[in-house]
Amino acid sequence: MKTISQQQKKKSQLLKSWINRRREKTRLEQLQQEQKIIEERNKRKKALLAKTIAEKSKQTHAEAVKLKRIQKELQALDDMVSSDIGILRGKIEQASWDYTAAR
């Protein structure tokens, strides 16, 4: 038969064990809560990054379209200048022939 002090010792050990398990459980719950907070924060950051990337992609596309339009306009101007230069060269050449013929 166990003595009273042995029973008290056993009760004390059980109580300490229960307190330690409770502390561990509380710590685990705290860590799980922190993990949830971190995961939510990361989820918001990921969504913000995805939104930012989508906006930048849209801007880049719009700028590429604008650049293509500007390139077409520049090409059209270049073609007109080339045409005008060709006409002027023809007129200069004709004037030169006319001048030579008049001499």
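Just so you know, all these numbers are worked out from the coordinates, no wet-lab data involved. None of these values were measured; they are calculated from a predicted model. Note: ideal-geometry Cβ built from the backbone for every residue, glycine included; neighbour counts use all protein chains shown.
What does the charge count around residue 80 come to, taking other residues whose C-beta lies under 14 Å from its C-beta (Lys +1, Arg +1, Asp -1, Glu -1)? Present the calculation step by step, with values, prior to reporting the outcome.
Numbers: positive: 72; negative: 73, 78, 79, 84.
Cβ neighbours under 14 Å give a net charge of -3.
Rounded to the nearest 20 Debye, what is the dipole magnitude of region 15-72 about its Cα centre when Lys and Arg each give +1 and Asp and Glu each give -1 at the C-beta?
Its charge dipole is roughly 120 debye.
Taking only Cα atoms, what is the 0 to 90° angle, nearest 10, from helix 4-102's long axis to the longest principal axis of the chain?
Computed tilt is about 0 degrees.
Distance in nm between label sites at residue 93 and residue 73, each 7 Å beyond Cα in the beta-carbon direction?
Rounded to a tenth, the inter-label distance reads 3.4 nm.
Between Rg and the Kirkwood Rh of region 22-70, both from Cα atoms, what is the Rg to Rh ratio?
On the way: Rg = 21.1 Å, Rh = 13.9 Å.
My calculation puts Rg/Rh at 1.52.
Compute for region 38-97: radius of gyration divided by Kirkwood radius, i.e. Rg/Rh, restricted to C-alpha atoms, rounded to two decimals. Can you show the working numbers first?
Details: Rg = 25.7 Å, Rh = 15.9 Å.
Ratio value, two decimals: 1.62.
If you keep only loop residues by DSSP, which trypsin sites (Lys or Arg not before Pro) in region 1-91 have at most 14 other Cβ atoms within 10 Å of their Cβ? Please list the in-between numbers first.
Values: sites: 2, 9, 10, 11, 16, 21, 22, 23, 25, 27, 36, 41, 43, 44, 45, 46, 51, 56, 58, 66, 68, 69, 72, 89, 91; in loops: 2.
When the trypsin sites (Lys or Arg not before Pro) of region 1-91 are filtered for loop state and at most 14 Cβ neighbours within 10 Å, 2 remain.
List the lysines whose Cα lies under 19 Å from the Cα of residue 58, skipping any in the same chain that are fewer than 8 positions away.
Qualifying lysines at Cα under 19 Å: 46, 66, 68.
Roughly how far apart, in whole Å, are the Cα centres of region 12-43 and region 59-84?
The distance from the Cα centre of region 12-43 to that of region 59-84 comes to 65 Å.
For q values of 0.20 Å⁻¹, compute log₁₀ I(q)/I(0) with the Debye formula on a Cα-only model of region 1-101, without solvent.
Log10 of I(q)/I(0), two decimals: -1.03.
Pick out, from 38, 90, 101, the residue whose Cα sits farthest towards the positive end of the charge dipole of the chain, with +1 on the Cβ of Lys and Arg and -1 on the Cβ of Asp and Glu.
Most positive-ward Cα: 38.
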